Amino acid sequence: MTDADLITACRQGSGRAQKLLYERFAGLMLGVCLRYLRRREDAEEAMLGGFAKVFRALDQYRHEGSFEGWIRRIMVNEALGQLRRKEPLHLAIDDLTFDVPATAATAESQLNADDMLSLLSELPAGYRTVFNLYALEGYTHPEIGELLGISEGTSKSQLSKARAMLQRRLAAASQQALSSTSSPKELYATGRY
């Protein structure tokens, strides 16, 4: 069943179509919500609230652009609302210092997607939110400013600080991975020598 067929059936009140729509997009949308919310329970709550809004607003979808993108915007807005309720969105500039210098992330870091999501989830709420909106969702700084009620400059600053913090943490993770390897032969075999 195509997205258009599914939308038509949902608009006609088909419970089966609603179930299929949910099953088709739930995993992906939970992932979206998890990038904004630290706790899985909060992300699941945001996703369920988002799907309730999707079903109520299906008549507003005009088949312009991707249906998945339309659902994603609803989920992002729902996750941001949940974030505002559950976790303070500290967007203040802080002067954190780190022992590990900022370096460019490389393929040798050997991090998988779960490791990267874990690093993202450890960022302060403001950094994490702006990074997700800009780097993963494709929002512009003016759009982020409007969504979060901050200036465009604050959005840019938060993104810069988020990137620097992620680079430091990626470098630290890479160094840790290198130090856990026991021999030069293993380093050479993995291409990290």
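The values are calculated or read from the model by the stated rules, or taken from the named source; none is laboratory data. Computed from a predicted structure; not experimentally measured. Because the Cβ atoms are built from the backbone with ideal geometry, glycine has one as well, and the counts that use them run over all protein chains shown.
Summary table below
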| item | result |
| --- | --- |
| Pair list, Cβ under 8 Å, 6 or more apart: segment 1-21 residue over 15 Å from residue 59 (Cβ atoms), other residue surrounded by fewer than 16 Cβ atoms within 10 Å (Cβ to Cβ) and of a type in the set (A, V, I, L, M) | 20/1 |
| Answer residue from segment 1-39, given it is of a type in the set (D, E, K, R) and within 17 Å of residue 52 (Cβ to Cβ) and is surrounded by the most Cβ atoms within 10 Å (Cβ to Cβ) among those | 24 |
| Qualifying residue in segment 70-79 (condition: small (Gly, Ala, Ser), surrounded by fewer than 17 Cβ atoms within 10 Å (Cβ to Cβ) and not in a loop (DSSP other than H, G, I, E, B)) | no |
| Qualifying residue in segment 45-53 (condition: outside the structural domain of residue 124 (by TED's automatic domain parsing) and touching a Lys or Arg at 6+ places or on another chain (Cβ under 7 Å)) | no |
| Residue check, residue 80 aliphatic (A, V, I, L, M), outside the structural domain of residue 36 (by TED's automatic domain parsing) and at pLDDT 90 or above | no |
